[in-house]
Every structure is written in C-alpha cells, then in structure tokens.
Amino acid sequence: MTDTVLDEILETTTELIGKERSADVPPAQLSTAELHDVVQHRELLAVLVEEPLHRDEIQERLGVSRATSHRFTRWLRDHELAERVDGRFRLTGKGATFADEVLRFERNLRTATAIAPLLDSICDYHQEFVVTPFADATVTTATLEDPYRPVSRFVALLQESSTFRGFNTTHMVPPTLADVYDHLFDGVETELVYLPDVVDNLFETYPDRIRASIDDGHLELRTREALPYGLAIFDDRVGIAGFDEDTGTMHVFVDSDSAIARAWAERVFEIYRDNSDRIEPPARSDE
C-alpha cells in the first residue's frame, strides 16, 4: 500500500490529464511581455486551430480591420507560429502548441473560478488534479435559502442510477433520509470506501440493511484511514463533494458527464479501492 493519499493521486496524474513534472529547469523563461503577447492573440490562435485561413478570412472571423489582420499575420510569421501554404495561414507545430496551451490556460482559469467552492474545501495537494477533468461541470453550492442543494443534487443523480461507486469522509446523504438509503442498499449495485468510524456508524444505524445487501452481493463496503474528499461515480455522471470541516455537511457538489472526468474518477476510485480493506459484516448477536 502506498504511504500517503498524495502518493496515490500522483500515480494517476500523468496518464489521465497529461501533467508531467520535470526536475529540469527550462533553458529560458518567457518574459511577462512575451506571455502577455501570446494571450493577447488568443482569439487569432483559436480560429487557426480550427483550420488554415486566408488573411481576409481571419479579418472576417475576428471582425478586425485589414490593417489589423496584416499585423496579426506578421506577428505569426515573426514568431514562427504559422506558415503560408496555398495562400492560407497554417499553424506550425510550435504555433499549434502555443494555441493549445493558451486555450488550456483560459479553460483552466474558467474552471477554477466555477469550482472555487470545491477547491477551497479539499486538500491543497489535490486542487490541481480536479480542474481539467471538471471543465464545464455542473456546480451546486449550499445557500442560506437552501443549505441542502448539494445533497439534493447528489440524491437526484443517485436515484437515476443503477450503480454507485465512491468514497467519502462522511455520509454522502444525511442518515435522516431513510428512503435514499433504501434505494442505495436495495436497488443499486454499490461499492463504497469509507473511513472506519463512518463504517462503524453505518453498521450501528442500518445493521440489517447493510448485512442483507452484502450477503446478496449488492454492496461491497471497504475502509481506509485517509480519504481526500467525496467521490461519486453514477451510471452517466461523476462528481466530487466538498464538506464543511466543522459540521461535516456537504456544501458543494461538482458533477460532469465528460469522458475525461469519468476516466479520472474511475482511475482514482480504483487506486483507493485497491488500497483499502474489505469489510465483512459482524456476526449477529444471536448467532
């Protein structure tokens, strides 16, 4: 078993979201002015990522003057970001990389802004790993008017799903919602990884239901000493939950149906599942 939660998350980073870490120092850093220059030309790079364009097509797509379109194409050639082929400007390998990176940068900033409540509630070491998979996710936060909005979102997705896998530092759903647990234990193929005290609490609260679900093969319950946040994998969507440190209540739930989010979630769950202990129900007192 790996030593820390961080070790396990790092194991899946490179293959899922392409974040390679290197000890090598780059030969030279771009200046602030150079970085600003690239970002300023984001829209130009974005249209050329789609297809090579004539100068007048660049002018029309971006809604700029003829003089500006000439300045744009001169900037591309001066920085070796595009070459002219059959009258059209086509990104070079360097140009395509610049375009991909500046668009990714913008997308990640937009995502970080959208899921800020989640980033504020999970470990610093895990924050960067959830940004790329959850671009364009649905973000549900608690409000003064409706403090249970994230729970309601989670419950709605659970009730539409025939399977459920996940891990969590506490109950995903308040134990008072008995009908939800009826569905979870009786109607859903479930794999859960919980902290030991949460597992103990579940056995105390729902001893017969949990025992029956495990005996019937509908529920696999596992435990481990450390978990970073709440992870939920449904039939069609995956989600992450953030919890209030003081009350333990869910205050944000972020979910997505994207392929990269599902691949990320399934790989992370697999790591934690493989590094956890399977729980067998305790013997009945009358046995």
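The values are calculated or read from the model by the stated rules, or taken from the named source; none is laboratory data. These numbers come from a predicted model, not from an experiment. Counting neighbours? That spans all protein chains shown, and the Cβs are built from the backbone with ideal geometry, glycine included.
Observations on the structure shown:
- So PHE164, is it crowded, with 16+ Cβ neighbours inside 10 Å, aromatic (Phe, Trp, Tyr), at pLDDT 85 or above and in a helix (DSSP H, G or I): no
- All of LEU53, LEU30, LEU45 fail the test of being at pLDDT 90 or above, of a type in the set (A, V, I, L, M), more than 16 Å from ARG267 (Cβ to Cβ) and over 27 Å from the mean Cα position of the chain (by Cα), apart from LEU53.
- Qualifying helices (runs of 4 or more DSSP H) (wholly inside the stretch 61-142; at least 3 residues being out of contact with any strand residue (DSSP E or B) (no Cβ under 9 Å at 6 or more places or on another chain) and touching a residue at least 24 places away in the same chain (Cβ under 8 Å)): 93-114
- Filter pass, ALA112 being surrounded by fewer than 18 Cβ atoms within 10 Å (Cβ to Cβ), within 13 Å of the chain's Cα centre (by Cα) and more than 14 Å from VAL238 (Cα to Cα): yes
- Only listed residue being among the acidic types (Asp, Glu), farther than 16 Å from ALA241 by Cα and either in contact with a Gly (Cβ under 9 Å, 6 or more places away or on another chain) or in a helix (DSSP H, G or I) (or both), chosen from ASP56, ASP146: ASP56
- Restricting attention to the stretch 254-274, the residues that are over 9 Å from the mean Cα position of the chain (by Cα) and either basic (Lys, Arg) or in a helix (DSSP H, G or I) (or both) add up to 11.
- Selected residue (criterion: modelled with the lowest pLDDT) from residues of the stretch 239-265 that are surrounded by fewer than 17 Cβ atoms within 10 Å (Cβ to Cβ) and closer than 19 Å to VAL193 by Cα: GLY248
- Residue count, the stretch 73-93 (criterion: among the aliphatic types (A, V, I, L, M) and more than 35 Å from the chain's Cα centre (by Cα)): 1
- For the stretch 207-220, the set of residues classified as surrounded by fewer than 21 Cβ atoms within 10 Å (Cβ to Cβ) and either assigned to a strand (DSSP E or B) or outside the structural domain of PHE164 (by TED's automatic domain parsing) (or both) consists of GLU220 only.
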